[in-house]
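The values are calculated or read from the model by the stated rules, or taken from the named source; none is laboratory data. Worth saying up front: this structure is predicted, and the values here are computed from it rather than measured. Cβ coordinates were reconstructed from backbone atoms using ideal geometry, including for glycine residues, and neighbour counts include every protein chain displayed. Side chains are part of the model used for accessible areas, which takes the heavy atoms of the whole protein and leaves out ligands, DNA and RNA. Shrake-Rupley method; radii C 1.70, N 1.55, O 1.52, S 1.80 Å.
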Amino acid sequence: MSQKERTKPFVVIELEPYLQDFLFHEFGQPRNHDGIVVSGTHDIGRMIQALVTVSDKPRKQPLGDHPVTLYLPIQSWNHALFEENFIYIPEWKQHQLRLYIEASFRIKVREYFLAGHQKGYRQDHIIRAFLEAYNIKHNALSYDQLKQLDYRNRRKITREIAADINNAVPK
């Protein structure tokens, strides 16, 4: 194990390009890095650290179409593990991680749209601003997909308002 590997432990996972862009933004890094430096103070970073598996032998995992390297922070509780063992995230845990990142992404989209609608911006402008802010390539996540997410979120809010009003009206 080289000195560089010892100071920068990493795992490689499969992740859709738009979710990679989302992680680069969430961890505050430019897209030109060779990987994402994970922060232990961020919720997604904590989840990634929780899913890391330790082995005494190197594990060979096939790389998919969209691999991304995640550089893990060295902390007081994990530095010995990283120096003396091999680390990886098994496929079933990667699936769990992808679900968590996708859910975090959807929550961020909802918050972004709610803020944009409250400020009076049109849906078209909000979508373009979101794609620009998160540096998401237009082919990775289409305009229509974001529009559909916004539509579903607004429809859900409308149903909740209707249910709340119906409960308040005397029968």
- Query: Of PRO62, PRO90, PRO30, which has the largest mean-square fluctuation in a 10 Å C-alpha GNM of the chain?
  - Reply: PRO62
- With a Cα-only, solvent-free Debye model of the stretch 1-140, what are the log10 I(q)/I(0) values at q = 0.19, 0.22 Å⁻¹? -1.14, -1.45
- Label LEU114 and HIS42 with points 7 Å out from Cα along Cα→Cβ: what is the distance between them in nm? 2.1
- Query: If you take the Cα atoms of the stretch 64-122, find Rg, then find the Kirkwood Rh from the mean of 1/r over all pairs, what is Rg/Rh?
  - Reply: 1.20
- Let me know the longest stretch in the chain that avoids all chymotrypsin sites (Phe, Trp or Tyr not before Pro) found in a DSSP loop with at most 15 other C-beta atoms within 10 Å. 1-76
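Would you calculate, for the chain, the mean residue ellipticity at 222 nm contributed by helices, counting each DSSP H stretch of 4 or more residues as -39,500 (n - 2.57) and dividing by all residues, to the nearest 500? Walk me through the numbers before you get to the answer.
On the way: 7 runs with 95 residues, N = 171.
About -18000 deg cm²/dmol.
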- Item | Gaussian network model of the chain, Cα within-10 Å springs - most flexible of LYS57, LYS108, LYS147 | LYS57
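Can you name the helices of the chain, as whole DSSP H runs, whose Cα span along the helix axis is 18 Å or more and whose Kyte-Doolittle mean is not below -1.0? Before the final figure, lay out the partial values.
Numbers: long enough: 91-118 (40 Å, -0.70); 143-168 (38 Å, -1.31).
Qualifying helices, which must be both long enough and hydrophobic enough, are 91-118.
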- Which value, in Å³ per residue, describes the convex hull spanned by the Cα atoms of the stretch 100-171? 100
- Under a GNM of the chain (C-alpha, springs under 10 Å), which listed residue has the highest mean-square fluctuation: ILE161, ILE13, ILE36? ILE161
- Item | Count of lysine pairs in the stretch 105-171 with Cα separation under 19 Å (8 or more residues apart, or interchain) | 7
- Message: On the Cα set of the stretch 1-70, report Rg and Dmax in Å, please.
- Response: 12.7, 34
- May I ask you to give the solvent-accessible area per residue for the chain, in square angstrom, as obtained with a 1.4 angstrom probe? 64
